[in-house]
Every structure is written in C-alpha cells, then in structure tokens.
Amino acid sequence: MVFQQLYCNQARCQLGAKEMKAKEKKERGGKLHIVAHNKAQEQAEAKKDARQQVCEEYNTAVEEWKVAEEARKVRNEDRLVAWKKAVEEWEAEKAQVKARKEKIKPWAQDNPKPKRNDKAYKVEKAIPKPKITSAVDEALEDLMGTNNDKDKDESSGSDGE
C-alpha cells in the first residue's frame, strides 16, 4: 500500500509537470509560430509570383527575338542573292571585255569583283538570344534585397552602439 501511494504521487507529479510544460509551450509559441509560418508563406508566394512574371517576360522577349531573327535571316538571304547577281553581272562584263579583246587587268582594277564582305552584301551577325538567368537573379535579388536591407539596418544600428 505504501509503495502504491508513492507510485501514484510520483506519477501525479510527472503528469502535472508534463501538462504545465505543454501549457507553457502552447502559450509561448502558438501565435509566434503561426505568424512566422504565415510570413514564410507570403515570402514563398511572392517569390513564386516574381518567377512567373520573369518567365512571362522572358517568353515575350524570346518571341520578339524569334521574329527579329527570322527577319535577319531573310535580309541575309536577300543580300546573298544580291551578291550572287552582282558577281554574275561582273563576270558577264568581264566576258564582254574579253570578247572585245581588251586587257582585263586595267578593267578589273577599275571594276573590282563584288566581295561578300562588301558593306552592301555583308552578312548581319546573329542577334543574341535573351537569357533568363540574369532576369531571375535580378528579380529575386530585388525581392530578397528589401528584406535584407531591413536586416542590415537593424544589425548596423546595434553594431554602432
């Protein structure tokens, strides 16, 4: 009987301590955890929105790039055709000069053969494709920069004292 009373008292003490600890934990961290969780969810949602916006901007930039690239390719093809036509005309004139039995060298100096690198026939260089990495980095930096600036201000204030 004595042992049973000792055991019951010990069990009651342990149970009471456990209930108090749970009650303190609930009072202490309940609302704080909810606030922290909500804040983390808002930040994650803001990051997701920023990524989606950057992705949409990137897709529009790629579509514009594709249109510009196709136009550049068409212009290059036109320049190639114009150059080939100029070369054919030059060769026809050269053949006429030969047929008249004139000297070709002086004529060729006055009328040089059209070159592919001439300004009128030169190929336009490719337009670089837009990259998403820099845009994403900037957007995330802006998003995270606003939070980091506040943290830096708070930490610099405590360091200066």
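The values are calculated or read from the model by the stated rules, or taken from the named source; none is laboratory data. What you see is a predicted model, and the numbers here were worked out from it, not measured in a lab. Cβ sites come from the backbone with ideal geometry, for glycine too, and all protein chains shown count toward neighbours. Areas reflect the complete protein model, heavy atoms only, side chains present, ligands, DNA and RNA absent. Shrake-Rupley method; radii C 1.70, N 1.55, O 1.52, S 1.80 Å.
Taking GluC sites (Glu not before Pro) across the range 1-110, the ones in a DSSP loop with at most 16 further Cβ atoms lying within 10 angstrom of their Cβ are 102. A Förster distance of 45 Å, applied to the separation of the beta-carbon atoms of residue 110 and residue 72, puts the FRET efficiency at 0.85.
Once the Cβ-Cβ distance of residue 102 and residue 123 is raised to the sixth power relative to R0 = 41 Å, the FRET efficiency obtained is 0.75. Averaged per residue, the range 1-99 has 87 square angstrom of accessible surface, using a 1.4 angstrom probe with ligands and nucleic acids left out. Loop-located trypsin sites (Lys or Arg not before Pro) across the range 41-139 with a Cβ neighbour count of 16 or fewer within 10 Å are 100, 101, 103, 115, 116, 119, 122, 125, 131, with loop assigned by DSSP. My understanding is that a pair violates if its Cα-Cα distance is over 19 Å; which of 84/122; 66/125; 84/129 do that in this structure? Checking Cα-Cα distances, 84/129 exceed 19 Å.
Placing +1 on the Cβ of every Lys and Arg and -1 on the Cβ of every Asp and Glu, with nothing else charged, gives the range 1-120 a dipole about its Cα centre of roughly 520 debye. Think of the range 22-133 as having a plus end and a minus end, set by charges on the Cβ of Lys, Arg, Asp and Glu; of 130, 71, 60, 130 sits farthest toward the positive end of this dipole. With a cut-off of 12 Å between beta carbons, the residues surrounding residue 64 carry a summed charge of -2, where Lys and Arg count +1 and Asp and Glu -1. Among the lysines, which have Cα under 26 Å from the Cα of residue 21 when same-chain residues fewer than 8 positions away are ignored? Partners within reach: 31.
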